[in-house]
Amino acid sequence: MSDSIITKRAIAQGFKELMRHKSFDKITITDITKSCGLNRQTFYYHFQDKYELINWIYYHEAIIPLTEDLSFETWDRKILDLLTLMKTDSYFYGNALRENCQYEFENYLLCVAKELFSNIIDRISEKTHIEFEDRQFIADFFSFGIVGVIVSWAKNGMKESPEFVTARLRNLLEDSKKVAVQRYLKELSL
């Protein structure tokens, strides 16, 4: 592992530790550098500001692991892993998503979800003809729904277990597939 990654992780860990006791808006670069034993110059060598730092954390700790080997067959396990990470670091994710720094995380998740659902719908539409606009609408609907559930869960204290939330999402998608198949079969019989 490169020295740069080690330093970035140390800065991220110090920042996350501060989020246990302070809100994002109250944390300064001085606070961050003191918490990890580095100087301001080192911080600015690696990050422009605390917004870039929080985005780096989102991307490297949550989004990259979520997207690695993500497929229709693995999506629920990947969501469970993400929710488990978020619950483990609930002080960080809960505080960050309640602050004004939530949008990048939501945008990352929306992009990942949109790509996943677009691919799923494209696979389904190989057997049935679904208009492009309809495929886009369906992908948007499920993407916003899943991301909305995840963000709401985090903002509201992560009271339910990651397993419970993942099971509910899985059931919703399975039920939606069943309805789509029934609709398709009904159209065939007309």
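The values are calculated or read from the model by the stated rules, or taken from the named source; none is laboratory data. What you see is a predicted model; the values in this text were computed from it and never measured. Using ideal geometry, Cβ is built from the backbone for each residue, glycine included, and neighbour counts are taken over all protein chains shown. Accessible surface is based on the protein model in full, side chains and every heavy atom, while ligands, DNA and RNA are left aside. Shrake-Rupley method; radii C 1.70, N 1.55, O 1.52, S 1.80 Å.
Here the Karplus curve 6.51 cos²θ - 1.76 cosθ + 1.60, taken at θ = phi - 60°, turns the phi angles of the range 107-123 into couplings of 5, 4, 4, 4, 4, 5, 5, 4, 5, 4, 5, 4, 5, 4, 5, 4, 5 Hz, with x standing for Gly and Pro.
Can you give me the % of accessible surface on the chain that is carbon or sulfur? Probe 1.4 Å, all protein chains present, nothing else counted. The computed percentage sits at 54. Calculated accessible area for the range 52-143 comes out at 52 Å² per residue, all protein chains present (probe 1.4 Å; ligands, DNA, RNA ignored).
In the elastic network of the chain, a GNM with C-alpha springs shorter than 10 Å, the most mobile of Ser143, Ser161, Ser176 is Ser176.
Legend: calculated FRET efficiency, Asn107 to Thr42, from the Cβ-Cβ distance at R0 = 41 Å, rounded to 0.05, equals 0.90.
With all protein chains in place and ligands, DNA and RNA left out, the 1.4 Å accessible area ranks Phe164, Phe47 as Phe164, Phe47, largest first. Taking all protein chains together and rolling a 1.4 Å probe, His60 ends up with roughly 80 Å² accessible. Rounded to the nearest 20, the Cβ-based charge dipole of the chain about its Cα centre (Lys and Arg +1, Asp and Glu -1) stands at 600 debye. Taking every Cα-Cα distance in the chain and sorting them into 10 Å bins from zero, the calculated P(r) comes out as 8, 32, 28, 18, 9, 3, 1, 0 percent. Within the assembled protein chains, the solvent-accessible surface assigned to Glu106 is about 40 Å², based on a 1.4 Å probe. For the chain, the longest piece that avoids every one of the trypsin sites (Lys or Arg not before Pro) found in DSSP loops with at most 14 other C-beta atoms within 10 Å covers 23-126. Each stretch of four or more DSSP H residues adds -39500 (n - 2.57); spread over every residue of the chain, this sum gives -24000 deg cm²/dmol at 222 nm.
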